[in-house]
Amino acid sequence: MGASVVIDVAPFDRCVCDRMVNAHDLCEGALTLSERGKKVRLSLRPGEQAKAIVIDGCVLQDNHPKCDGLFLFLGNHRAAALLVELKGTDIQHAFEQLKSVRECRREYANLIERLRSCGQGRVTEKAFVVSSRMVSKPEHERWENQVGIRVTAILHSEAASPIPDLRAYL
């Protein structure tokens with residue numbers, strides 16, 4: 001990846017979490033999303049870049065189902081879009097929210113196309129639920145089959161636990 005390549009998210013620049021000034025409640029720094037005690041982050045290595053984008057309430061401002069956020073990642077000749085829903089215990093609903101954004105929202109498709117145009121070609125798309133509820137593998141698989149979307153992981157997050165890092169899933 002050349003140093004001049006930058007992830008362009010226009011016209012959604014106002015929805016990007018910033019290191020210094022965050023106008024969105026979901027932003028807890030440049031690459032950390034947080035809601036009601038659930039947190040998730042994306043750590044970077046040298047030569048990589050990413051942006052955390054607030055979907056719910058910024059990119060999408062309607063009453064239709066939508067997930068909370070999105071991490072766009074570029075590095076080491078790969079690109080990834082990581083959709084995130086921060087959820088209490090209604091994990092099946094989280095699956096539905098992720099599916100709605102991934103399959104039905106043109107704004108999401110626009111962001112994926114912008115990431116693709118950064119010169120990396122293929123974009124790997126993954127979906128995550130961050131919850132305080134522990135879920136068994138059979139439950140996870142049942143919800144995937146019911147809703148029709150693959151969720152890479154259901155990550156456990158509580159105030160006293162380490163913040164899950166999506167780096168492990170790149």
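The values are calculated or read from the model by the stated rules, or taken from the named source; none is laboratory data. Just so you know, these numbers come straight off a predicted model, no measurement behind them. Cβ coordinates were reconstructed from backbone atoms using ideal geometry, including for glycine residues, and neighbour counts include every protein chain displayed. The protein model used for the area step is the full one, side chains on, heavy atoms only, and it has no ligands, DNA or RNA in it. Shrake-Rupley method; radii C 1.70, N 1.55, O 1.52, S 1.80 Å.
The table for this structure:
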quantity	calculated
Accessible-area value, residue 64, 1.4 Å probe, nucleic acids and ligands omitted, Å²	110
Surface per residue (accessible, 1.4 Å probe) for the range 10-127, Å²	48
Candidate residues 20, 134: accessible-area rank, largest first, probe 1.4 Å	20, 134
Three-way shape call for the range 19-170 based on the alpha-carbon gyration tensor, with the a/c threshold at 1.5	rounded
Per-residue HN-Hα couplings for the range 82-89 [Karplus 6.51, -1.76, 1.60; θ = phi - 60°; Hz; x = Gly/Pro]	10, 7, 9, 10, 8, 9, x, 10
Rounded to 5, the percent of DSSP beta bridges in the chain classed as antiparallel	55
Highest-fluctuation residue, 79, 159, 94 considered, GNM on the chain with Cα pairs under 10 Å	159
In order through the range 51-59: 3J(HN,Hα) via Karplus (6.51 cos²θ - 1.76 cosθ + 1.60), integer Hz, x for Gly, Pro	9, 9, 10, 7, 7, 6, x, 10, 4
Under Karplus coefficients 6.51, -1.76 and 1.60, residue-wise ³J(HN,Hα) of the range 133-141 in Hz, glycine/proline x	8, 7, 10, 6, 4, x, 4, 4, 5
Qualifying lysines (Cα of each under 29 Å from Cα of residue 137; at least 8 residues distant if same chain)	38, 39, 66, 87, 99, 126
Unpaired by the 4.7 Å Cβ criterion, cysteines found in the chain	67, 104, 118
